[in-house]
Amino acid sequence: MLDFFINWIAGVPGTATPYALAALGLIISERAGVLSLAAEGLMLVGALSGIAACLTVSSNPYLALAIAMAATAVFSLLFAFLVVILRVNQVIAGLAMVFFCQGLTNLVGTIADWTNRVVQGLPKLHLWPLTEIPAVGRIFADQDIVVLLIVPIFFGVSYMMNDSLVGLRTRAVGENPDAADAAGVNVTLYRVGAVVVGSALVGLAGAYLSVVSTKIWIPGMAGGRGWIAIALVIFARWRPWRDRRDRLRSTA
Amino acid sequence: MLDVDAKTETAIFAGGAKPAPPRPFRIGRLNLEIRQQLPAWQQALILGSAILIGLLLSGVVLVIAGVSARDLFNEFIVNTLFDGQNLRAVLFQASPLILVGIGAAAALRVRFWNLGIEGQMIWGGICATVLSLYHVGPDATRLPLMLVVAALAGMAWVLIAIFFKMRFGVNEIISTLLMNYIAMYFLLQLVYGPWKDPADGFPHSPAFAPYERLPDLMSGFNSALLLAAILTAVVWWLVHVSRAGFYMNFLYANDRMALAMGAPTRAITLIAVLLSGALSGVAGFAVTAGQEGRLTQSFFEGYGFSGILIAFLGRSDPLAAAIVAILVAMLFITGQSLQVFYQIPFAMVQLIQALIVICVAASEFIVRHRIHWVR
């Protein structure tokens, strides 16, 4: 029973990491006023490009993760172009992007023969003094660097959004683009930037799935995690804020 | 047609209207103006060229993937349209696509994004299969009963999402979408568990009896097409002729105004959304009792997004959506033969649909804006 429990706890961070990374990325783009429904598709792009980098460029998993982030960011430029510059309806553009990415990754993976090929992946960390603790030590032995990286990424995103000038402008662009524009903020630039940066994190989440968790590419392997990440963002941010507003309105 | 984010519009627009700061080498700038209206023929021209560009891009992708251009033309145009059997296959395939297309269009008319079409199809299929498995009612009335139950099942599944939206303000895009996964895993539980076919042990339900399947009408056209045509006519009447349709337009244009003017906004929203769920449920029935003849584990795949995209391309008009659905069915059939003869994954069909939708959506920018080059 204890064994099961320890194993279970040891498995939690690895399972949660893609959700956390993707949700952080989505928060950035949604704060700028872009509902990025494309997350599911961008995750697949990240997953495939991570494996592709492992198989073709080098077997270094860190490089693969970086390449996957860059590839996803470049890919998201298409979405940003549609939504921010051409002002296509965000839902339609997001759904079309998901479809596009699903189709493209499936096709490219099949044609280039990257499907079902095992890669080396990321080594486990050995946090030496912690792993020596009896019974509980396994929890610390089972983690990898990305799980630990979540903490600085989280604080970085939080600091950037809440305490920096860039974050202030990004939020302004999301909440009231008219006012932001009148104040001299380039709305287009900030929205595109937010989509690209957020998508890079979504791509990292996808690459974590393929390069670190499963070490293999399977078509459609994101399996709805992108959608769940979008729901997580809503649970985390939209609801409390709206609750408060509604309550204010009813008391006023 | 679809709503533009009004705030974005003015924000970026205002950026163009500001006096440009003096620069040493001015090459001019793009100025955008919002158009009120564009003549219909110009709109049609833009739409047509957008679809053409999308198809050309898809063709390029296919050629890169290893299909020669001549084969592509033969496969896509000649084989699908000028061969009686293939044409029947296209129309058979079109029936569920028409149903999901007009279903999504009905919901879009009240600004409800029904992304739960697949979940509603699954419940339609499951409930129709229950009647088949447990031999409910006399054999003669089995098929109509299955149809009704499937419609009710789809309606019930979307009712959860619309209830949460109306009562608690839950975003329907997420709730309908995630409920697809609930339905899907329940379906998998059934077909891998208690409903596994004892005849061959594969994860699908036992085959339906002949009288439980949608029959062929004269000259091989399936009755599913007739069903889809009748329902399209009904929805067309509801949207364009009936009073409810008028209210839907009112609601779409300005829901607060409609509420203030005393229009029954909640009832109208409910009617449109429940209709959408019912049509999706019927689509699930049409696939299980039509193409498949049993409940399979992936009969719903691809229909959900196709439905939304069909409704978008048909501009939420039932008749236009039905026509688009037939074209998408052509794509499905071509995709199947590409899969068989060229080993190109069926995801290619998704890719082509997405490319066309992206091109059409992007082209609406030109419809909505006049672009000037200002020196």
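The values are calculated or read from the model by the stated rules, or taken from the named source; none is laboratory data. Fair warning: this is a prediction, and the values are worked out from it, not measured in the lab. Because the Cβ atoms are built from the backbone with ideal geometry, glycine has one as well, and the counts that use them run over all protein chains shown.
Some notes on this structure:
- Qualifying residue in region B:162-173 (condition: assigned to a loop (DSSP other than H, G, I, E, B) and crowded, with 16+ Cβ neighbours inside 10 Å): yes
- Residue B:135 fulfils the conditions (1) out of contact with any helix residue (DSSP H, G or I) (no Cβ under 6 Å at 6 or more places or on another chain); (2) closer than 23 Å to residue A:38 by Cβ except for a single criterion, (2).
- Looking only at residues of region B:255-299 that are in a helix (DSSP H, G or I) and among the polar types (S, T, N, Q), we find that the one that is surrounded by the fewest Cβ atoms within 10 Å (Cβ to Cβ) is B:291.
- The criterion of at least 3 residues that are in contact (Cβ under 8 Å) with a residue 60 or more places away in the chain is met, among helices (runs of 4 or more DSSP H) falling completely within region A:158-209, by A:165-175, A:187-207.
- Verdict on residue A:184 being within 14 Å of chain B (Cβ to nearest Cβ) and on the phi > 0 side of the Ramachandran plot: yes
- Residue B:338 within 16 Å of residue B:73 (Cα to Cα) and buried (at least 20 other Cβ atoms within 10 Å of the Cβ): yes
- Scanning region B:170-182 for any residue that is closer than 29 Å to residue B:323 by Cα and without any contact (Cβ under 8 Å) to a residue 24 or more places away in the chain turns up at least one such residue.
- Residue within region B:284-305 that is within 14 Å of chain A (Cβ to nearest Cβ) and in contact with a strand residue (DSSP E or B) (Cβ under 6 Å, 6 or more places away or on another chain) present: no
- Residue tally, condition among the acidic types (Asp, Glu) and either away from chain A (no Cβ under 13 Å) or not in a helix (DSSP H, G or I) (or both), over region B:314-370: 1
- Qualifying residue in region B:241-248 (condition: in a loop (DSSP other than H, G, I, E, B) and either of a type outside the set (Gly, Ala, Ser) or buried (at least 18 other Cβ atoms within 10 Å of the Cβ) (or both)): yes
- Residues that are polar (S, T, N, Q) and in contact with a Leu (Cβ under 6 Å, 6 or more places away or on another chain) do occur in region A:21-38.
- Set A:76, A:59: member being buried (at least 22 other Cβ atoms within 10 Å of the Cβ) and either more than 8 Å from every other protein chain (Cβ to nearest Cβ) or in a helix (DSSP H, G or I) (or both): A:76
- Residue match in region A:143-163 (condition: modelled with pLDDT under 80 and either over 18 Å from the mean Cα position of the chain (by Cα) or surrounded by 14 or more Cβ atoms within 10 Å (Cβ to Cβ) (or both)): yes
- The single condition among (1) at pLDDT 90 or above; (2) among the hydroxyl-bearing types (Ser, Thr, Tyr); (3) not in a helix (DSSP H, G or I) that residue A:49 does not satisfy is (3).
- Summed over region B:334-365, residues that are modelled with pLDDT under 85 and among the β-branched types (Val, Ile, Thr) total 3.
- For region B:200-218, filtered to residues that are free of Cβ contacts under 8 Å to residues at least 60 places away in the same chain and assigned to a helix (DSSP H, G or I), the residue that is nearest to residue B:94 (Cα to Cα) is B:218.
- Checking residue B:186 against (1) in a helix (DSSP H, G or I); (2) in contact with a Ser or Thr (Cβ under 6 Å, 6 or more places away or on another chain); (3) of a type in the set (Phe, Trp, Tyr), the condition it does not meet: (2)
- Yes/no for residue B:140 being part of a helix (DSSP H, G or I) and buried (at least 23 other Cβ atoms within 10 Å of the Cβ): no
- Checking each residue in region B:145-164 for being within 14 Å of chain A (Cβ to nearest Cβ) and touching a residue at least 24 places away in the same chain (Cβ under 8 Å) picks out only B:161.
This table checks each residue for (1) exposed (fewer than 13 other Cβ atoms within 10 Å of the Cβ); (2) over 30 Å from residue A:117 (Cβ atoms); (3) at pLDDT below 50.
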| position | (1), (2), (3) |
| --- | --- |
| A:212 | no, no, no |
| A:217 | no, no, no |
| A:220 | no, no, no |
| A:223 | no, no, no |
| A:232 | no, yes, no |
| A:252 | yes, yes, yes |
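- Just one of the listed residues (B:52, B:99) is away from every other protein chain (no Cβ under 14 Å), assigned to a helix (DSSP H, G or I), closer than 16 Å to residue B:323 by Cβ and under 21 Å from the mean Cα position of the chain (by Cα), namely B:99.
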